[in-house]
Amino acid sequence: MKLVRKDLEKDNAGQVTLIPEEPEDMWHTYNLLQVGDSLRASTIRKVQTESSTGSVGSNRVRTTLTLCVETIDFDSQACQLRVKGTNIQENEYVKMGAYHTIELEPNRQFTLAKKQWDSVVLERIEQACDPAWSADVAAVVMQEGLAHVCLVTPSMTLTRAKVEVNIPRKRKGNCSQHDRALERFYEQVVQAIQRHINFEVVKCVLVASPGFVREQFCDYMFQQAVKTDNKLLLENRSKFLQVHSSSGHKYALKEALCDPAVTSRLSDTKAAGEVKALDDFYKMLQHEPDRAFYGLKHVEKANEAMAIDTLLISDELFRHQDVATRARYVKLVDSVRENMGTVHIFSSLHVSGEQLGQLTGVAAILRFPVAELSDQEDESSSEED
């Protein structure tokens, strides 16, 4: 998604102009749109014309309309988005208040105006427009003295760092210069990994090289991580996957990504974190039910006690047509983040999102048991009896 312009007031009213660039962006756009918003985009309108002789004909004209959004229809298979509403700006072909349907499509600009842009919607724009957010796969393609640190998105590969160090050849009886240069090279690659790879987003880091360079590098990296107590690398050790490539040049990444072992590991990496979070929730529900809540009222009560460690919430809830209800979900997300909790916003198009939808669409894993809530409900129900 390309952000063309963003004009927001202090009260968070305003408009944003965007260009969707790939099918996934249509899904983001669907989640941005709400009933009551104002949408301005180019569209085709059938116009009736009357000639001087009185004969009536019709032709199609391209025009730009501004609609007040009433219905939003998204076809997830074709990634098509249709928005129906009434015209709210003067136009030579369409009367004020007349109904029209705009089809939004990739590579066509649109402007969306809202009375209130909340934090969840603004975060979605940030994620859709920043390629690093969609890059949940990173790669280090290397050979002795040359390494490329890349981020792999669904549509492109971004080189974030290139490391080049001159490595002297080994000499008979004296390898110290070679070893020192190699160590310096490995250290620079480790620094580039820490600087450019966001482990909160990235689910897998490929380390590709010819020969044994990748094994030697990974051994060095994790030995140093243990020595310096580098929690970032140690906690994410399982995300590193070693694969073969013919060289350390960027083009060699393609053959590494085609490796069958890699493709099975990378399948749906974006959803892997969500699947794990949902699995952790079910385990907690089974073994410690006082630390696993679902349903908006229960989760809100747990949040009041600042007990939420991980919040699981479906993006479907943010499409609620009632503004007050939607604001309630946004407030919950903001509050959990303020209390240093982790928030997973699940896609309702994914299997894990469907499963969460069966649990009311909102669930939480708690830091500590909150048993009082169920006790209070039992007491209040017995009083009613």
If you take every residue apart from M340 with its C-beta less than 11 Å away from the C-beta of M340, what net charge results, scoring Lys and Arg +1 and Asp and Glu -1? 0
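Using 0.36 nm per residue, how much length does the chain from T342 to S42 gain when fully extended, once their Cα-Cα distance is taken away?
Working: separation 300, 0.36 × 300 = 108.00 nm, distance 3.94 nm.
So the extension gain works out to 104.1 nm.
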Ignoring solvent entirely, what values of log10 I(q)/I(0) come out of the Debye formula for segment 271-378 at 0.22, 0.24 Å⁻¹ when each Cα is a single scatterer? -1.23, -1.42
Looking at segment 136-268, how many pairs of lysines come closer than 18 Å at the Cα, when each pair is eight or more places apart or spans two chains? 5
Taking segment 136-268, the whole-percent share of alpha-carbon pairs separated by over 19 angstrom is 47 percent
GNM, the chain, Cα, under 10 Å: largest mean-square fluctuation among G211, G36, G341? G211
Set the Förster radius R0 to 22 Å, insert the Cβ-Cβ distance between D280 and E354 as r into 1/(1 + (r/R0)^6), and round the FRET efficiency to 0.05. 0.80
State the answer as a single residue: which of F110, A252, N12 lies farthest towards the positive end of the charge dipole of the chain, with beta carbon charges of +1 for Lys and Arg and -1 for Asp and Glu, about the Cα centre. A252
GNM result for the chain, Cα springs below 10 Å: residue of K170, K95, K254 fluctuating most strongly: K170
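In segment 38-109, which chymotrypsin sites (Phe, Trp or Tyr not before Pro) are in a loop and have at most 16 other Cβ atoms within 10 Å, using DSSP for the loop call? Don't skip to the answer; put the middle values down first.
Details: sites: F74, Y93, Y99; in loops: Y93.
The qualifying sites are Y93.
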Simple spin-label model, 7 Å along Cα-to-Cβ: C68 to N107 in nm? 3.5 nm
Residue with peak Gaussian network fluctuation, the chain [Cα springs, cutoff 10 Å], from C175, C258, C204: C175
For segment 195-354, what is the accessible area per residue in Å² when the probe is 1.4 Å? 53 Å²
For the chain, what log10 I(q)/I(0) values come out of the Debye formula at q = 0.07, 0.11, 0.13, 0.14 1/Å, with one point per alpha carbon and no solvent? -0.47, -0.94, -1.14, -1.22
Normalised radius of gyration for segment 2-129, please: alpha carbon Rg relative to 2.2 N^0.38 Å, two decimal places. 1.16
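Sum -39500 (n - 2.57) across every DSSP H segment of at least 4 residues in the chain, then divide by the residue count to get the 222 nm mean residue ellipticity, nearest 500. Walk me through the numbers on the way to the answer.
Values: 13 runs with 144 residues, N = 385.
Mean residue ellipticity, 222 nm, calculated: -11500 deg cm²/dmol.
Computing the accessible area with a 1.4 Å probe over protein heavy atoms, can you report the carbon and sulfur percentage for segment 136-268? Let's see the in-between values first.
Numbers: 3440 of 7190 Å².
C and S atoms contribute 48 percent here.
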Rel. contact order, % - alpha carbon contacts under 8 angstrom, at least six apart, segment 2-129: 32 percent
Equivalent ellipsoid dimensions for segment 176-225 as semi-axes, Å, which come from the Cα gyration tensor, largest first: 21, 13, 9
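The values are calculated or read from the model by the stated rules, or taken from the named source; none is laboratory data. All of these numbers come straight from a predicted model, not from anything done at the bench. So basically every Cβ, Gly included, is an ideal-geometry build from the backbone, and we count neighbours across all protein chains shown. In case anyone asks, the SASA skips ligands and DNA or RNA and just uses the protein heavy atoms, side chains included. Shrake-Rupley method; radii C 1.70, N 1.55, O 1.52, S 1.80 Å.
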